[in-house]
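Written below as structure tokens is the structure these notes are about.
The values are calculated or read from the model by the stated rules, or taken from the named source; none is laboratory data. Source: prediction; values computed, not measured. Cβ placement follows ideal geometry from the backbone for every residue including glycine, while neighbour counts extend to all protein chains displayed.
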């Protein structure tokens, strides 16, 4: 009996010594020794191996101190569970780690693979948010300006972890929602034409597609009896060749334009009176002095064809009269001789 006690004590010390020597410290330094995990309870509650020194024990029974002193990341602060086998795949090294649950929800690929957990989740272990790291990226966007357009800060809605571009958005994910729910700022800042000033409806898909704002499409038959200028006043005011407002063109756009495009216009002045270069290539108001009524014109009061000179040229013309109507009756081609 006196000899058996030291032997039992020796066996106990050997077993405890093996437990300490085996595996790694929490930062991944490997140590040698006899594997005591055989038979221990794994992270899923099952037995790691066959019968051994730790048969039936859970990880936490031996590794609570390892758990408490972890720093990359701090397991306790992040409220990790103590089922080590959920993430630590090897019984020989701590840093052979897999995060199956994280991969299912957010794969740690690209630049995210080397980021510390706390960079996204903080010390509290709360659910991570892209904007925790990417607020500055969000704020400096320009095409389009995410902040000005009130985009949400859930970056993963349009971006992947591989790169910011190309980005994509599946409008099918918001099916049933009104376009203006996201695009009110786009609508408000339009200028050609101003959608708000022109009282356009906020049903963007009437004219636009999800591929891009341009090119646009619009069925003019859908607006019934509205006048062109109710939508196109800005287009009218911006004309330069010729300046429609300055030369007092009517705002009945359809008289010269089609719904396909502004140019080419359909008005053919030559069919009525050729604008001969050097003779009649003058401002419209030179001949058409009645605002908005181009059926009215003058040849006599514009300062181009003075009466004294004109009378002298027609002394031999029977029925001559110094009026615009008579000038046009004889000179439809815009030159002398009729």
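Could you list all residues from region 174-187 that are farther than 19 Å from residue 223 by Cα and either exposed (fewer than 12 other Cβ atoms within 10 Å of the Cβ) or under 15 Å from the mean Cα position of the chain (by Cα) (or both)? Before the answer, list the steps.
We begin by selecting, within region 174-187, every residue farther than 19 Å from residue 223 by Cα; these are 174-186.
Selection gives 174, 175, 176, 177, 179, 180, 181, 182, 183, 184, 185, 186.
Among the candidates 107, 201, 152, single out the residue that is part of a loop (DSSP other than H, G, I, E, B), at pLDDT below 85 and under 30 Å from residue 232 (Cβ atoms). Even if it seems obvious, please write down each step before you answer.
Details: 107 fails: under 30 Å from residue 232 (Cβ atoms); 152 fails: under 30 Å from residue 232 (Cβ atoms).
None of the others qualify; the one that does is 201.
Within region 134-143, is there a residue that is surrounded by 12 or more Cβ atoms within 10 Å (Cβ to Cβ) and either at pLDDT below 80 or under 30 Å from residue 83 (Cα atoms) (or both)?
No: zero hits.
Of the residues 92, 55, 98, which single one is closer than 29 Å to residue 131 by Cα and modelled with pLDDT of 50 or more? Before you say what the answer is, go through the steps one by one.
Values: 92 fails: closer than 29 Å to residue 131 by Cα; 55 fails: closer than 29 Å to residue 131 by Cα.
Only one candidate passes the filter, namely 98.
Tell me which residues, restricted to region 204-219, are surrounded by 12 or more Cβ atoms within 10 Å (Cβ to Cβ), outside any loop (DSSP other than H, G, I, E, B) and without any contact (Cβ under 8 Å) to a residue 12 or more places away in the chain. Walk me through it before giving the result.
The first filter runs over region 204-219 and keeps only residues surrounded by 12 or more Cβ atoms within 10 Å (Cβ to Cβ), leaving 204, 206-209, 213, 218.
Subset that is outside any loop (DSSP other than H, G, I, E, B): 204, 206, 209.
Matches in region 204-219: 209 only.
If you take the residues of region 284-338 that are loosely packed, with under 12 Cβ neighbours inside 10 Å and within 20 Å of residue 248 (Cβ to Cβ), which of them is nearest to the chain's Cα centre (by Cα)?
292
Give me the pairs, please: first residue somewhere in region 317-334 and in the same structural domain as residue 297 (by TED's automatic domain parsing), second residue anywhere and exposed (fewer than 14 other Cβ atoms within 10 Å of the Cβ) and modelled with pLDDT under 85, beta-carbon distance under 7 Å, and either six or more positions apart or on two chains.
Listed pairs, sorted by first residue: 330/338; 331/338; 334/276; 334/279.
Does region 158-181 contain any residue that is closer than 30 Å to residue 75 by Cα and modelled with pLDDT of 85 or more?
yes
Within region 245-260, is there a residue that is within 30 Å of residue 144 (Cβ to Cβ) and at pLDDT below 85? Please lay out each step first, then the result.
Of all residues in region 245-260, those within 30 Å of residue 144 (Cβ to Cβ) come to 259-260.
Filter once more, so that each one left must be at pLDDT below 85: 259-260.
Yes: region 245-260 contains one or more residues that are within 30 Å of residue 144 (Cβ to Cβ) and at pLDDT below 85.
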